[in-house]
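The values are calculated or read from the model by the stated rules, or taken from the named source; none is laboratory data. As the structure is a prediction and not an experimental result, all values here were calculated from the model. All Cβ positions, glycine included, derive from the backbone under ideal geometry; neighbour counts span all protein chains shown.
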Amino acid sequence: MSDSVNKPYHYNTGNIECIDAIKNSMSLVEFKGYLKGNAIKYLWRYDKKHQTRQGRAEDLKKAVWYIEKLYEVINNE
């Protein structure tokens, strides 16, 4: 079963995940901005886009995922 937040099947091609390809295409500053922007996006829309508690919760989980990824990147600088 696919994890729609942490490992969505549609973001994997072969041996590389989309997030890794994005990271490799950017500078560190750009990648941190990308992560921050996506966290903001999911926080911004969670209660506007979805009519169900499940949909809102998934957007919040996605925001947390991007925040945790940003924390990981900053912590490893």
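Things to note:
- Candidate set: segment 27-77, residues that are farther than 18 Å from Glu17 by Cα and outside any helix (DSSP H, G or I); chosen: the one modelled with the lowest pLDDT: His50
- Those residues of segment 7-26 which are modelled with pLDDT of 65 or more and of a type outside the set (Asp, Glu), in sequence order: Gly14, Asn15, Ile16, Cys18, Ile19, Ala21, Ile22, Lys23, Asn24, Ser25, Met26
- Residue match in segment 30-49 (condition: over 24 Å from Val73 (Cα atoms), out of contact with any strand residue (DSSP E or B) (no Cβ under 8 Å at 6 or more places or on another chain), without any contact (Cβ under 8 Å) to a residue 60 or more places away in the chain and of a type in the set (S, T, N, Q)): no
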